[in-house]
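I have placed the structure first, in the form of structure tokens, so that the comments after it can refer back to it.
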Amino acid sequence: MTLRPHTPLSSLLRAGFAALLLAVATVPALAEKADRTKPMNIEADAMRYDDLKQTSVFTGNVVVTKGTIIIRGARIDVRQDPEGYQYGVVTAAPGKLAYYKQKRDSGVDEWTEGESEVIEYDSRADNVKFIRRAIMRRLIGAKVNESTLAYVIGGYSWQHFNLHGSVAGGGSGDIYDWGSSGFSIGGGLETAVSNNMTVGLEYRYSQYEKEDFGSGGLLEDTPRIQTVRIGAKYKFN
């Protein structure tokens with residue numbers, strides 16, 4: 001399906017720290033200008049039209065592209081008003097995050113990237129909103145050669161933690177759970193192995209606010225997470 005919007009779906013990740021505490025981040029517009037005239041393409045396993053709500057619903061392995069914009073999720077509900085403005089809600093599969101990426105209009109190879117359980121976009125207001133477990137990053141890349149890109153990432157992050165415990169000869173269960181804001185930094189390499197496929201290696205370090213588990217300072221911990229990702233991407237023609 002191809003939709004031709006009136007205005008761009010664009011973003012710049014400048015959400016405030018207070019918004020992250022609420023796990024909701026709104027992204028104002030400062031993106032690749034060429035995206036404004038590009039059609040929106042949606043690929044999915046299934047599609048149905050809700051005549052009552054005037055909404056198209058795409059489900060299963062949803063991939064949305066519009067110029068440099070890439071959005072992925074399990075479901076997207078899209079509607080278009082009489083003036084051609086589009087509104088959409090992208091939902092992740094249970095336990096996963098929906099994904100958004102777009103090139104910035106900065107004159108260099110710079111991208112904004114975000115993940116959350118729900119992503120809302122509004123082409124009339126020209127913004128994107130990340131809701132629950134929001135993670136936002138800015139990527140700045142430099143070409144190692146014609147087929148390889150090196151990049152660094154950095155941004156705010158929010159994470160939900162769950163402390164689970166058990167006793168010998170007894171039961172087990174959740175002891176304590178909390179949400180915490182923090183930051184993520186890292187870098188990676190991505191190289192093209194064909195016209196349609198790239199492979200990459202990425203490292204990320206995340207650190208979150210200190211938590212005392214309601215102990216009044218007697219028991220404290222500062223969560224830190226290190227991850228290494230190896231993956232492949234395939235672009236369908």
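None of the figures in this text is laboratory data; all of them are computed from the coordinates on show. Predicted, not measured: the structure shown is a model, and the values here were computed from it. Note that each Cβ is placed from the backbone with ideal geometry, even for glycine, and that neighbours are counted across all protein chains shown.
Below are the figures for this structure:
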quantity	calculated
Computed E for H164/L218 - FRET, C-beta separation, R0 22 angstrom, nearest 0.05	0.60
Segment D109-D45, length gained on full extension (0.36 nm per residue, minus Cα span)	19.8 nm
Projected label distance in nm at L201 and I225, using a 7 Å step from Cα toward the beta-carbon	2.3 nm
Over 29 Å (Cα to Cα) - which of K96/K129; K103/K233; K103/K210 fall in this group	K103/K210
Footprinting exposure proxy for E117, E83 (fewest neighbouring C-beta atoms within 10 Å first)	E83, E117
5 angstrom amide H check on L139, placed H, neighbours 5+ away	W111, T112, E113
